[in-house]
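The values are calculated or read from the model by the stated rules, or taken from the named source; none is laboratory data. This one's a predicted model, so the numbers in the text were calculated from it and none came from an experiment. So basically every Cβ, Gly included, is an ideal-geometry build from the backbone, and we count neighbours across all protein chains shown.
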Amino acid sequence: MRKSHCYIAGWKVAVGICVLVFLAAAAPPEGPKAAIRRVLDDQAKAWNKGDLEGFMDGYWKSPDLTFSSGKDRTHGWDATMQRYRKRYQSEGREMGKLSFSEIEIETLGPESAFVRGRWKVVNSKETLGGQFTLVFKKFPEGWRIIHDHTSN
């Protein structure tokens, strides 16, 4: 190989390494608050597309998941899914458009967080809304809601 080819090849490698270092520095790893916010954003997007299963991806898929609303307490992912189906997808019901506001995320440690905020669902017949308190836990697959307390 001629000297000029070695110089060009070496230069290309050096530029490639610089680009990779720059990209790594420009995109720091997602912190817990951003990751939790992304779960909530993904839930709202799924809901607004009528994708209840996608919405439920934000919840821990476990029989130990708890959901409290009013005087009712639901245990388990499956039961929570059925509750949402009955309330928003049964005959004569519609999911409407979901939005979250006033989100406050407080990390309790590297693998748990406490989240407060407001929810609103607007459909053709009414506007529903209230407050929520969530407990998130970090799992290998990402942050998931392990407890949801929602009020109207």
- Query: With respect to the numbered conditions (1) at pLDDT 95 or above; (2) touching a strand residue (DSSP E or B) at 6+ places or on another chain (Cβ under 6 Å); (3) under 20 Å from S151 (Cβ atoms), which one is the sole condition not fulfilled by Q43?
  - Reply: (2)
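Tell me the residue from E126, E91, E104 that is under 30 Å from P29 (Cα atoms), exposed (fewer than 13 other Cβ atoms within 10 Å of the Cβ) and out of contact with any Gly (no Cβ under 6 Å at 6 or more places or on another chain), please.
On the way: E126 fails: under 30 Å from P29 (Cα atoms); E91 fails: under 30 Å from P29 (Cα atoms).
From the options E126, E91, E104, the qualifying one is E104.
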- Query: With respect to the numbered conditions (1) exposed (fewer than 15 other Cβ atoms within 10 Å of the Cβ); (2) in contact (Cβ under 8 Å) with a residue 60 or more places away in the chain, which one is the sole condition not fulfilled by H149?
  - Reply: (1)
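Can you say whether S69 is surrounded by fewer than 16 Cβ atoms within 10 Å (Cβ to Cβ), touching a strand residue (DSSP E or B) at 6+ places or on another chain (Cβ under 8 Å) and either in contact (Cβ under 8 Å) with a residue 40 or more places away in the chain or not assigned by TED's automatic domain parsing to the domain that holds K138 (or both), as far as the supplied structure shows? Walk me through it before giving the result.
Numbers: surrounded by fewer than 16 Cβ atoms within 10 Å (Cβ to Cβ): no; touching a strand residue (DSSP E or B) at 6+ places or on another chain (Cβ under 8 Å): yes; either in contact (Cβ under 8 Å) with a residue 40 or more places away in the chain or not assigned by TED's automatic domain parsing to the domain that holds K138 (or both): yes.
Taking the combined requirement at face value, the residue does not satisfy it.
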- Item | Enumeration of residues in region 72-84 that are part of a helix (DSSP H, G or I) and surrounded by 13 or more Cβ atoms within 10 Å (Cβ to Cβ) | W77, D78, A79, T80, M81, R83, Y84
- Message: Just checking, does region 52-71 include any residue being assigned to a strand (DSSP E or B) and within 15 Å of R38 (Cα to Cα)?
- Response: yes
